[in-house]
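Below is one structure, written out as structure tokens; the observations come after it.
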Amino acid sequence: MKISRRIAGALALSAAAAVVLAGCTSRNDPGQSAAPGASEGGGTAEDLTIAFVPKLQGIPYFEAMNTGGQQAAEELGFEWLYQGPTTADAAAQADIVRSFIQQGVDVLFVAPNDPNSMAPLLEEAQAAGIHVATTDTDAPDSVREVFVNQASTEGIGEALTDALLEAMGGSGQYAIVSCGETAANLNAWIEVQEAYTASEYPDAEIVDIVYAGEDQAMATQMATDLMSSNPDLTGLVGECTSSAPGVAQAVEDAGRTGEVFTVGLGTPQSMLPYLESGSSSGSILWDVEALGYLTGWAGVQLASDGDLGDTSTIGLEGASGATYDEATGELLLGPPTIFTAENAGDYDY
Amino acid sequence: MTATAPAPAPASASGQVSLRRILPPVVTGQELVLLGVLVVLWVLLGIFTPAFLTPGSIGPLLVQVAPIALIGVGMTFVIITAGIDVSVAATIMVSAVVTARVLVAADVPAVLAVLLAIAIGALLGTVNGVLIAYGRVHPIIITFGTANLFQWLGLRVFDSSTVNGIPGTLDFFGRGAAGSTLGVPHSFAIAVVAVAVAWWFLRYAKAGRNLYAIGGNQNAARLAGIKVQPRLVWVYGITGALAGLAACMIIATGTSSLDQSVGSGKELQVIAAVVIGGTSILGGRGSVVGTMLGALLVQTVVSGVTQLGWPTQLGFLFVGICILIAVGTDLIRERARRRA
């Protein structure tokens, strides 16, 4: 009796441990376990491996980027590896970056959760002979060779502000429901929104900025609280893909569609019901698949010492308007896309 | 085995007199303090914000509290037995994603969806219970392990995409107009009923009193003839079932799409509510009424910070202070008792 109990306990414990250990890598890249020498050639596209580590795996945004990257891999002929943490956690992300350094990929793209802690890892990767770059989110003071930027900070901030204030009639109070309090890109957009609102819409005012994390329900609750505490509030901005539908849902639940207007950075599929009901006046984002494609293309250029400025070689229409700024090392996808009830249904992410 | 009879005897045989002597007062000191703090906070917020004490603000607050309080009932049972369950967030995730997928795929009635969610939660909870009762490893290790396991399960069902276009089948639990009757949110009413039943159960039912004995000293409880292992399986199973029901509320209050962040962090919110409510993390003492008050306090603080226009981060500071005060009081009380 005693022995069997002990065995049962040991089994349970080892099962638990195994699960914990396996927790951060829910999906492995296919057949890419041992290729440490693969990085030495790096010339031809045939044996080229380009890895992309998103902030978070399994959300539609990064899955759409993955789709674009895979498309580029098929067309341009390289191997595309995609793996990210299951929570937007800097430490878990760092582990995945380390494993790609171990594998010796040719080009490594990261959308860092924490740019500061990612910088030394990128240095490590570069020392190992890997081309390092960022996409979606930059690590500004790092050794990255290029940052594939989805849209300019000004472009996003101004498009958000214009879309919201058009719905609000050019004046009134609005509030922002942001997500991570330290997210560099979100904070940069918010700064633009504040400055642009002050200069272009003197009768409009941002009354509060709150942070809900990547939690839809929290975003909805905070939007509800903001509407209660600011009776004159007529606008809400959902600053990321989880809070954009969250704030629209709050307006719908409060029965104030048509009184309080929302805009946000939401993926088209998740925003479609709200765009149709009018609780969201527009979703500002970019063609995410095209961003993934552009990332793959930039990887090929880096590995072959090609010219990033020669964007005429980009085969995908949505990415062909990209521009490269040598001074900042930024490859810019183009102006943001505004999704409305009419066009949101055309995208399958 | 012959020692079975004496333990439950005082409750059943000698009747109300001895029962009153054993039982703690109907309302404990900590609950009164919590209630007082809550009332003071609500009054202050009513004065210093334009609309905290309006139906448009209190209603959604109660809806937000409901799933926490509901799971908190199960978690109170668990913590009274000196256990803990850190897998409830992952249980919510599995239950929510399966239910949401079914709602999108087939036009099932709400009742069926709710039963499905509860069944999934109960199943996962029972897995926890069996491993804990018969594996005899500390519950935090087991549930930490199963939390990861469930998370993997949930992510498999998500299959790297969100569930889009969830219909309004579960609006009965929602924040909108269909979610309340005469201004009372249905989800909160359900949580109140659950708390009331659990309060009675813990106080007057033999099986309920047994939980305190198990938490006080598991070996003594076993020697006294309490069937410890089946009780533990049951306690974790109930917690899972309640997490399944809470998952329905979370689907209903969420947007029309569900992503993998569903449930994340809920285990800590629930444990915070239980601990703030005065349930001893050491086991053997606690009440579900306190848990409900604790859940209300946490959400009041978070909503209050937003409505006052204060920086969001202050919410974490205040909730952290509440937890430390609650745990500190508990430990001081425990030490005083040992000395006495």
Worksheet item: Which condition does B:Thr99 not pass, out of (1) closer than 30 Å to B:Asp330 by Cβ; (2) buried (at least 21 other Cβ atoms within 10 Å of the Cβ), if it passes all the others?
Response: (1)
Practice prompt. Would you mind finding the one in A:Leu226, A:Leu160 that is away from chain B (no Cβ under 14 Å) and either assigned to a strand (DSSP E or B) or of a type outside the set (D, E, K, R) (or both)?
Written response: A:Leu160
Practice prompt. Identify the single condition in (1) under 17 Å from B:Ser57 (Cα atoms); (2) touching a residue at least 12 places away in the same chain (Cβ under 8 Å); (3) open to solvent by 10 Å² or more (accessible area, probe 1.4 Å) that A:Leu233 does not satisfy, given that it satisfies every other one.
Written response: (3)
Worksheet entry | All positions within segment A:266-287 that are away from chain B (no Cβ under 14 Å) and open to solvent by less than 10 Å² (accessible area, probe 1.4 Å) | A:Gly282, A:Ile284, A:Leu285, A:Trp286
Discussion item. Can you find a residue that is away from every other protein chain (no Cβ under 14 Å) and open to solvent by 10 Å² or more (accessible area, probe 1.4 Å) anywhere in segment B:244-258?
Written reply: yes
Item to complete: Could you grab me the full set of residues in segment B:123-135 that are buried (at least 22 other Cβ atoms within 10 Å of the Cβ) and away from every other protein chain (no Cβ under 11 Å)?
Response: B:Leu124, B:Gly125, B:Gly129
Worksheet item: Can you find even one residue in segment B:294-308 that is without any contact (Cβ under 8 Å) to a residue 40 or more places away in the chain and not in a helix (DSSP H, G or I)?
Response: no
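Can you name the residue in segment B:181-196 that is small (Gly, Ala, Ser) and touching a helix residue (DSSP H, G or I) at 6+ places or on another chain (Cβ under 6 Å) and, of all such residues, is most open to solvent (accessible area, probe 1.4 Å)?
Among those that are small (Gly, Ala, Ser) and touching a helix residue (DSSP H, G or I) at 6+ places or on another chain (Cβ under 6 Å), it is B:Gly183.
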Practice prompt. Identify the residue in segment B:272-281 that is surrounded by 24 or more Cβ atoms within 10 Å (Cβ to Cβ) and within 16 Å of B:Ala89 (Cβ to Cβ) and, among all such residues, is farthest from the other protein chains (Cβ to nearest Cβ).
Written response: B:Val274
Practice prompt. Mind telling me which of the residues A:Gln221, A:Gln173, A:Gln193 ends up being in a helix (DSSP H, G or I), of a type outside the set (A, V, I, L, M, F, W, C) and within 13 Å of another protein chain (Cβ to nearest Cβ)?
Written response: A:Gln221
Fill in: Matching entry among A:Ala327, A:Ala290 (being crowded, with 24+ Cβ neighbours inside 10 Å, among the aliphatic types (A, V, I, L, M) and not in a strand (DSSP E or B))
A:Ala290
Discussion item. Looking only at segment B:136-180, filter to residues that are among the basic types (Lys, Arg) and at the interface with chain A (Cβ under 7 Å from one of its Cβ atoms); which one of those is surrounded by the fewest Cβ atoms within 10 Å (Cβ to Cβ)?
Written reply: B:Arg136
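Conditions tested, residue by residue: (1) crowded, with 22+ Cβ neighbours inside 10 Å; (2) under 18 Å from the mean Cα position of the chain (by Cα); (3) not in a strand (DSSP E or B).
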residue: A:Phe62; (1), (2), (3): yes, yes, yes
residue: A:Gly69; (1), (2), (3): yes, yes, yes
residue: A:Ala72; (1), (2), (3): yes, no, yes
residue: A:Pro85; (1), (2), (3): yes, yes, yes
residue: A:Ala91; (1), (2), (3): no, yes, yes
residue: A:Ile96; (1), (2), (3): no, yes, yes
residue: A:Ser99; (1), (2), (3): no, no, yes
residue: A:Gln102; (1), (2), (3): no, no, yes
residue: A:Glu145; (1), (2), (3): no, no, yes
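The values are calculated or read from the model by the stated rules, or taken from the named source; none is laboratory data. On a predicted model such as this, the values are computed, not experimentally measured, just so you know. Every residue, glycine as well, gets a Cβ built from its backbone with ideal geometry; the counts of neighbours run over all protein chains shown. We work out accessible area using only protein heavy atoms, side chains counted, and drop any ligands, DNA or RNA first. Shrake-Rupley method; radii C 1.70, N 1.55, O 1.52, S 1.80 Å.
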